[in-house]
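Data first, discussion second: the structure below is written as structure tokens.
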Amino acid sequence: MQRLGDRVRLEFEQTFMFYLPRICEHCLNPSCVASCPSGAMYKRSEDGIVLVDQDRCRGWRMCVTGCPYKKVYFNHKTGKAEKCTMCYPRIEVGMPTVCSETCVGRLRYLGVVLYDAERVGEAAAVADERDLYGAQLGVFLDPEDPEVRAAALRDGVPDRWVESARRSPVHALAVRHRVALPLHPEYRTMPMVWYIPPLSPVVDALASTGHDGEDAGNLFGAIDTLRIPVEYLAELFTAGDPAPVEASLRTLAAMRSHMRRINLGQEPDPSIAESAGTDPERIEELYRLLALAKYEDRYVIPTAYGVDDADRGVIDEIGCSLDYEGGPGMGGMGASHGRALGPPLGEASGRPDPAGVETFHALRMRQTSDAPADRDDLRGRVNLLNWDGNGRPEGLFPGEHGPGEHGPGERRADREEDR
Ligand code: SF4
Ligand code: SF4
């Protein structure tokens with residue numbers, strides 16, 4: 001068994017060395033925010049996204065060392081701190097982040113999690129770091145609870161957000177099925193990007209040593225016996241407490257065995273699910289979420305603006321805070337309503353620019369169609385942060401119908417000729 005244990009450990013170490021994708025955790029108790037002397041780092045109250053106000057950042061770099069996940073970077077050209085923005089301009093219009101949408105493994109899920117902000121500090125301060133996972137779960141609120149829903153609506157959380165929380169795949173994986181776990185909760189920042197520990201190295205090791213890697217007994221036995229991978233995973237996800245990792249792996253193992261019986265046309269065995277502390281119905285629900293979920297099930301994102309707001313034309317298209325000369329997007333601020341926006345840095349930057357309903361719809365069209373948006377005032381402007389990889393927008397490459405080469409009228413004439 002020791003040889004098998006060594007093999008599994010090696011597999012796990014290789015897995016984590018190469019395949020643990022890391023982004024900013026958009027923590028509930030962000031130490032980057034606490035460490036910024038300028039007050040430039042902030043957590044948005046409306047959706048919890050943690051951002052750097054580029055106007056207020058004075059380049060102290062305290063946030064770079066203050067983030068234990070090492071997710072703040074210093075831009076030496078601009079002298080400002082930068083970090084993952086959770087692609088907030090996309091999130092605001094109900095679209096997934098670029099890293100989620102482009103993930104070939106379809107392993108990222110996005111959704112709303114309701115939580116009690118007043119209990120975050122207390123939960124982050126529990127004495128035993130092994131209690132932090134449970135304490136964070138305790139801060140999350142059940143969107144099915146009528147009292148929670150009434151309180152959310154009373155506190156101004158829009159109804160569509162509460163409804164999204166009910167359908168949230170993140171809440172389901174973290175709270176309902178308990179298969180997703182926080183990364184390094186011992187940092188006490190209450191991270192919000194959670195991970196499902198991998199079962200595949202255990203399965204592969206069983207299979208390669210001649211065991212049936214889909215048999216529930218073998219899988220449960222391997223999880224119980226092979227302490228090393230469980231403890232290794234526990235160091236990553238639960239401050240060293242092996243119990244939640246074991247529970248997660250047992251649920252995944254039960255799902256694997258349960259679904260194999262169904263796929264082979266055998267009678268389902270409820271004892272498999274029960275031995276993982278769940279039931280066949282929930283196991284099949286988890287299977288649908290992990291293996292079959294469609295786009296709209298993996299990303300349940302309410303828009304920042306209500307339909308009424310869009311109809312009244314009061315919505316804003318807010319540019320990416322990093323989209324300025326020298327920033328990672330390296331773009332200008334573009335144009336809206338046919339006019340240039342304000343300067344990228346300084347007092348007038350980063351302010352919402354009032355946008356009409358047509359801009360809202362153009363933004364959606366730009367992301368969801370195969371063709372570039374057909375609006376003169378968007379032509380020659382390609383926001384790579386928002387580009388979904390479809391089509392070949394004009395101005396994507398320098399010198400190819402870029403701004404200044406042709407006027408919008410000429411380009412329209414070109415297209416007429418093409419037809
Ligand atoms: S991961 Fe780091 S940068 Fe992101 S919110 Fe947490 S402390 Fe801040
Ligand atoms: S693609 Fe968006 S959400 Fe993903 S890491 Fe980059 S900025 Fe963050």
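The values are calculated or read from the model by the stated rules, or taken from the named source; none is laboratory data. This one's a predicted model, so the numbers in the text were calculated from it and none came from an experiment. Positions of Cβ are generated from backbone atoms using ideal geometry, with glycine treated the same way; all protein chains shown enter the neighbour counts. With ligands, DNA and RNA removed, areas are computed over all heavy atoms of the protein, side chains included. Shrake-Rupley method; radii C 1.70, N 1.55, O 1.52, S 1.80 Å.
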> So, of the residues in the stretch 42-82 that are hydroxyl-bearing (Ser, Thr, Tyr) and closer than 18 Å to PRO30 by Cβ, which turns out to be nearest to ligand 1 (Cβ to nearest atom)?
Replying inline: TYR69
> Are any residues in the stretch 138-165 in a helix (DSSP H, G or I) and crowded, with 16+ Cβ neighbours inside 10 Å, and if so, which ones?
Replying inline: VAL139, VAL148, ARG149, ALA152, TRP161, VAL162, SER164, ALA165
> Which residue, of ASP159, ASP145, ASP131, is more than 16 Å from ligand 2 (Cβ to nearest atom), modelled with pLDDT under 95 and assigned by TED's automatic domain parsing to the domain that holds ARG188?
Replying inline: ASP159
>> Just to check your reading of the model, which residue among VAL148, VAL170, VAL157 is hydrophobic (A, V, I, L, M, F, W, C) and touching a strand residue (DSSP E or B) at 6+ places or on another chain (Cβ under 8 Å)?
In response: VAL170
>> Can you go through GLY277, GLY240 and tell me which one is assigned to a loop (DSSP other than H, G, I, E, B) and open to solvent by 60 Å² or more (accessible area, probe 1.4 Å)?
In response: GLY277
>> Just the residues that are of a type outside the set (Asp, Glu), touching a residue at least 60 places away in the same chain (Cβ under 8 Å) and out of contact with any Asp or Glu (no Cβ under 8 Å at 6 or more places or on another chain), please, taken from the stretch 239-289.
In response: PRO244, VAL245, ALA247, SER248, THR251, LEU252, THR278, ARG282, LEU286
> How many residues are in contact (Cβ under 8 Å) with a residue 60 or more places away in the chain and away from ligand 2 (no atom under 13 Å from the Cβ) when one looks only at the stretch 20-47?
Replying inline: 7
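For every residue, the table says whether it meets (1) within 13 Å of ligand 2 (Cβ to nearest atom); (2) touching a Lys or Arg at 6+ places or on another chain (Cβ under 6 Å).
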site	(1), (2)
VAL50	yes, yes
TRP60	no, no
CYS63	no, no
LYS70	no, no
LYS77	no, no
ALA81	no, no
THR97	yes, no
GLY111	no, no
GLY121	no, no
> In the stretch 104-132, which residues are in a loop (DSSP other than H, G, I, E, B), free of Cβ contacts under 8 Å to residues at least 60 places away in the same chain and not aliphatic (A, V, I, L, M)?
Replying inline: GLY105, ASP116, ASP128
>> Only one of TYR88, TYR115, TYR69 is open to solvent by 20 Å² or more (accessible area, probe 1.4 Å) and hydroxyl-bearing (Ser, Thr, Tyr). Can you tell me which?
In response: TYR115
> Out of all the residues in the stretch 17-55, which are surrounded by fewer than 20 Cβ atoms within 10 Å (Cβ to Cβ) and either among the β-branched types (Val, Ile, Thr) or in a strand (DSSP E or B) (or both)?
Replying inline: ILE23, TYR42, LYS43, ILE49
> Quick one: how many residues across the stretch 176-191 are open to solvent by 50 Å² or more (accessible area, probe 1.4 Å) and part of a loop (DSSP other than H, G, I, E, B)?
Replying inline: 2
> So is THR85 in contact (Cβ under 8 Å) with a residue 12 or more places away in the chain and within 11 Å of ligand 1 (Cβ to nearest atom) or not?
Replying inline: yes
>> Under 6 Å between Cβ atoms, which residue pairs at least 6 apart in sequence (or on different chains) link something in the stretch 192-219 that is surrounded by fewer than 18 Cβ atoms within 10 Å (Cβ to Cβ) with a partner that is in a loop (DSSP other than H, G, I, E, B)?
In response: ALA207/GLY213
